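What follows is a single structure, written as structure tokens, with notes after it.
Rule-based calculations on the coordinates, nothing more; no lab input. All values reported here derive from a predicted model rather than from experimental measurement. Every residue, glycine among them, receives a Cβ derived from its backbone with ideal geometry; neighbour counts consider all protein chains shown.
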């Protein structure tokens with residue numbers, strides 16, 4: 001993250017007209033499992049940032065393209081417990097659409113599905129585990145804070161046989177909405193489709209974040225697991241039905257109105273420490 005969109009330090013700096021995005025950068029790692037859970041998101045300043053067309057370095061961690069794949073080198077410490085999180089993730093894109101999509105009429109916020117279909121290899125030293133399987137790579141960019149343009153959104157990505165599908169369900173600040181459905185095939189072709197109606201889901205247990213997903217059959221739509229339950233953000237896996245198929249969706253719900261409150265931003269440093277420089 002360059003100009004860490006969820007950084008309380010960046011938000012405070014912007015309020016005082018000192019919001020240089022390159023001074024608020026982080027690599028976020030989240031691992032989920034019964035015995036191998038880890039979270040790291042240490043923010044660093046511009047002196048610990050290096051950028052080029054092929055490489056991005058943030059502190060001791062970095063990303064670099066090598067031939068046909070992207071290497072993600074992880075050398076971090078977790079939060080709130082400072083346990084080491086170390087390893088390498090290799091992302092092998094299978095489809096490269098090469099097209100950015102505007103999320104607002106003015107084009108100030110953009111989403112780029114870099115590799116909606118990919119193969120991922122994970123080799124972690126701390127914790128000690130490894131696996132490989134299907135993956136996904138995308139990018140978001142913007143010319144203003146997310147909370148300046150949006151109130152709330154749900155996003156999900158799922159596999160559909162050999163294809164992948166992404167759904168956006170966005171409410172903007174002016175209460176206009178964006179409902180977006182895109183299907184990607186292994187050649188990289190992107191095909192829009194009409195998303196099904198939204199199905200409301202139970203709120204998160206601890207922080208009561210609203211969740212919903214576009215699904216063709218409410219009776220087949222349910223939360224399988226809640227991975228993150230935070231004051232403004234939820235990450236879940238959800239069973240749904242899309243394009244005539246039962247699917248398991250990787251799903252995110254984001255409340256920008258909740259994020260923009262002072263009490264939430266005062267909580268964030270416990271999981272998002274900052275090293276100056």
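Percent of C-alpha pairs per 5 Å bin in region 1-142, short distances first: 2, 9, 15, 19, 21, 18, 10, 5, 1, 0. When you restrict to C-alpha pairs under 8 Å that are six or more residues apart and normalise by the size of the chain, the relative contact order lands at 14 percent.
Solvent-free Debye calculation, one equal scatterer per alpha-carbon of the chain: log10 I(q)/I(0) at 0.07 Å⁻¹ equals -0.25. Estimated from the Cβ-Cβ distance and a Förster radius of 45 angstrom, the FRET efficiency linking residue 22 and residue 131 is about 0.85. A simple packing score, the average count of other Cβ atoms within 10 Å per residue, orders the peptides 49-60, 94-105 as 94-105, 49-60, with the highest score first.
Per-residue ellipticity at 222 nm for the chain, helices alone: DSSP H runs ≥ 4 residues times -39500 (n - 2.57), over residue total, nearest 500 deg cm²/dmol?
On the way: 3 runs with 18 residues, N = 277.
Rounded to the nearest 500, the figure is -1500 deg cm²/dmol.
With just the Cα atoms defining each centre, how far is region 97-172 from region 222-277? Give it in Å. After rounding, the separation between the Cα centres reads 13 Å. Using C-alpha pairs under 8 Å with a sequence gap of at least 6, the mean separation divided by the residue count of region 1-143 gives a relative contact order of 14 percent.
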